[in-house]
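Below: the structure, in structure tokens.
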Amino acid sequence: MEKFQFRRGCPVGNLLQEAPLLPETFPQRLMAIPAAWESRVARCLREAQAAGAIASDASPQALARVLDRLGRRGDARRAGPVCRTA
């Protein structure tokens with residue numbers, strides 16, 4: 001991604017956009033990838049709560065979901081069309 005200045009987005013997200021064209025089981029497998037990422041982030045957030053590094057009154061799973069959505073939105077912005085003027 002660095003080679004292309006982070007303009008091509010997430011490969012998983014890009015493939016998910018092509019889901020209707022893919023074999024039937026492929027999108028299900030792709031959806032498991034962001035779900036696994038979200039689960040790992042939630043686990044890290046639970047550990048941070050246990051260590052007292054972050055507030056313990058928030059749901060780690062909900063926070064992980066928000067972080068995932070924000071990350072994807074950022075990927076979409078960076079991967080979007082680039083207008084160049086002469």
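If you take the residues in the range 7-21 that are touching a residue at least 40 places away in the same chain (Cβ under 8 Å) and outside any loop (DSSP other than H, G, I, E, B), which one is farthest from the chain's Cα centre (by Cα)?
Keep residues of the range 7-21 that are touching a residue at least 40 places away in the same chain (Cβ under 8 Å), which gives 7-10, 13-14.
Now narrow it down to the ones that are outside any loop (DSSP other than H, G, I, E, B): 13-14.
Working: Gly13: 8, Asn14: 11 Å.
By that ranking, first place goes to Asn14.
Which residue out of Gln61, Gln28 is assigned to a helix (DSSP H, G or I), in contact with a helix residue (DSSP H, G or I) (Cβ under 7 Å, 6 or more places away or on another chain) and not basic (Lys, Arg)? If you could, list the steps in order and put the result at the bottom.
Numbers: Gln28 fails: in contact with a helix residue (DSSP H, G or I) (Cβ under 7 Å, 6 or more places away or on another chain).
Residue meeting the stated conditions: Gln61.
Let's see how each residue does on (1) under 20 Å from the mean Cα position of the chain (by Cα); (2) modelled with pLDDT under 90; (3) within 28 Å of Gln5 (Cβ to Cβ):
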site	(1), (2), (3)
Pro23	no, yes, no
Ala36	yes, no, yes
Ala53	no, no, no
Asp57	no, no, no
Ala62	yes, no, no
Gly71	yes, yes, yes
Asp75	yes, yes, yes
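The values are calculated or read from the model by the stated rules, or taken from the named source; none is laboratory data. As the structure is a computational prediction, the values presented were derived from the model and not from experiment. Cβ: placed from backbone, ideal geometry, glycine included. Neighbour counts: every protein chain shown.
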